[in-house]
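Here's the structure, in structure tokens; my notes come after.
Coordinate-derived values only; no laboratory data. Everything quoted here is computed from the prediction, not taken from an experiment. Positions of Cβ are generated from backbone atoms using ideal geometry, with glycine treated the same way; all protein chains shown enter the neighbour counts.
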Amino acid sequence: MKAEVTPSIQQPVKTSNNVFRYLRFLKFFFTNGKSATGFIIFLVFLLIAIFAPLIAPYSPSAAIYDPNLAPTAHHWFGTTNTGQDLFSQFIFSARNTMIVGFGAGILSTIIGLIFGVVAGYRGGITDAILTFITNLFLVLPGLALLIVIEAYVKASTPYVNGLIIAFTGWAWGARVFRSQAMTLAGRDFISAAKMSGKSSIRIMITEICPNMMSIIAGNIMFATLGAILAEAGLAFLGFEDINSTSWGTMLYWASSNSALLRGAWWWFIPPGVGIALVGLSLVLMNFAIDEITNPRLKGQKRRKKHGRQAARS
């Protein structure tokens, strides 16, 4: 009777503690200055991406306006040398860039999570094989590998580039997930889960991964940032369909038409600022996650607060 009653009492306590921990995390996340600023910037671009057809005044590919116009009331970011509205291109490019960035970031995180958690939890020959594959991708030069693959993919779209970036950029996250899974595999609650009859897959999904949520979230943000920069770089170098719409292709056409030399700042500054702001929002949110999950940062922040209070008194 005692063995039957104990699990039913302990489970609600564990669930309530998890809910309280997540609520406390959300409270700190939205009250922290860095994360709040990053979230607002990110939310603005997310809304732009979602409502792009409603926000953009013209078609991004319609070459029917006066060419090489500086910003005006009708064309906020001016026009290209072929008469396309740059503001409309910027808005639709935000949608494609956000989709590619987050799609590649989430996909690469999932691949790295599978390799890292399985290797760290299983150990032995499984760990050796998966670690060898991970290390193989780590030592390969990322940009060179992307360029070689792109050379064989003719006229790739931003979405194809996102898939290529995801399948070549998961190894760094896998190393982090592996080390964290190795530390969790020896904990008491994992031993209890094994004794209760849970399978290895269920333990990895329900016990190990939930305890790595902060690391997973941080990896998604940095993988997204890396994917956005990689896609923009590939498009700028011409390894993408030049007729596609993304911030990288905007920079490509600006460079091809010597916008910098002609002083057409309205052509290359908006996509550059867009990439920088999205990257800044992700970095700021990740800083807040580090402050929440890293005990050393918590201690430093607490000591600084006490030092300021002591100085005032």
Under a point spin-label approximation (7 Å from Cα along Cα-to-Cβ), what is the residue 195-residue 276 distance to one decimal in nm? 5.8
Can you list the HN-Hα couplings for the stretch 157-174, worked out from phi with the Karplus curve (6.51, -1.76, 1.60; θ = phi - 60°), rounded to whole Hz and with x for Gly and Pro? 8, x, 6, 5, 4, x, 5, 5, 5, 5, 6, 10, x, 8, 5, 4, x, 4
Cβ-derived FRET efficiency at R0 22 Å, residue 133 paired with residue 110, nearest 0.05: 0.90
The percentage of Cα-Cα pairs in the stretch 21-312 separated by more than 37 Å is 28
Along the Cα→Cβ direction, 7 angstrom out, place labels at residue 44 and residue 202. What is the inter-label distance in nm? 4.8
Can you order the peptides 158-165, 259-266 by their average number of other Cβ atoms within 10 Å per residue, highest first? 158-165, 259-266
